[in-house]
Amino acid sequence: MSISKIAAAILIAGGVAAYGTSATAKEPATSLNCLKMAKQVKDALYNHPAGAAHDAAEQELNKGQTLCMKGFYKGGMERYEAALKAIGSSATASAH
């Protein structure tokens with residue numbers, strides 16, 4: 001099994017445990033917190049109408065996912081933070 005497949009499996013397993021929680025870029029840069037922030041961004045995108053801000057946030061989400069999957073958790077979380085800012089949300093606000 002390749003390292004990237006192992007990393008993906010760890011991220012997926014952590015994501016199951018992280019479901020329903022929130023993270024901020026101020027928390028430690030870990031795979032679990034990357035997953036928490038990715039979910040937060042996806043929830044925010046789901047609730048945000050399409051438009052330029054939505055598209056920019058999606059691009060940041062994709063960059064964040066790429067970085068987190070490669071183990072660059074801090075960079076990934078920074079991209080997620082940028083995605084939340086692009087759609088006018090704060091990283092500390094969780095989906096209610």
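The values are calculated or read from the model by the stated rules, or taken from the named source; none is laboratory data. Quick caveat: nothing in here was measured; it's all calculated off a predicted structure. So basically every Cβ, Gly included, is an ideal-geometry build from the backbone, and we count neighbours across all protein chains shown.
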- Message: Every residue in the range 35-59 that is loosely packed, with under 15 Cβ neighbours inside 10 Å and either under 18 Å from Phe72 (Cβ atoms) or of a type in the set (Ser, Thr, Tyr) (or both), please.
- Response: Tyr46, Gln59
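Matching residues to (1) at pLDDT 55 or above; (2) closer than 23 Å to Gly88 by Cα; (3) assigned to a helix (DSSP H, G or I); (4) within 10 Å of the chain's Cα centre (by Cα):
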site: Gly15; (1), (2), (3), (4): no, no, yes, no
site: Thr24; (1), (2), (3), (4): yes, yes, no, yes
site: Leu35; (1), (2), (3), (4): yes, yes, yes, yes
site: Lys42; (1), (2), (3), (4): yes, yes, yes, yes
site: His48; (1), (2), (3), (4): yes, yes, no, no
site: Asp55; (1), (2), (3), (4): yes, yes, yes, no
site: Leu61; (1), (2), (3), (4): yes, yes, yes, yes
site: Gln65; (1), (2), (3), (4): yes, yes, yes, yes
- Yes or no: Asn62 surrounded by fewer than 17 Cβ atoms within 10 Å (Cβ to Cβ), free of Cβ contacts under 8 Å to residues at least 24 places away in the same chain and not charged (D, E, K, R)? yes
- Identify, please: which residue in the range 76-92 is surrounded by fewer than 17 Cβ atoms within 10 Å (Cβ to Cβ) and within 20 Å of Leu32 (Cα to Cα) and is, among those, modelled with the lowest pLDDT? Thr92
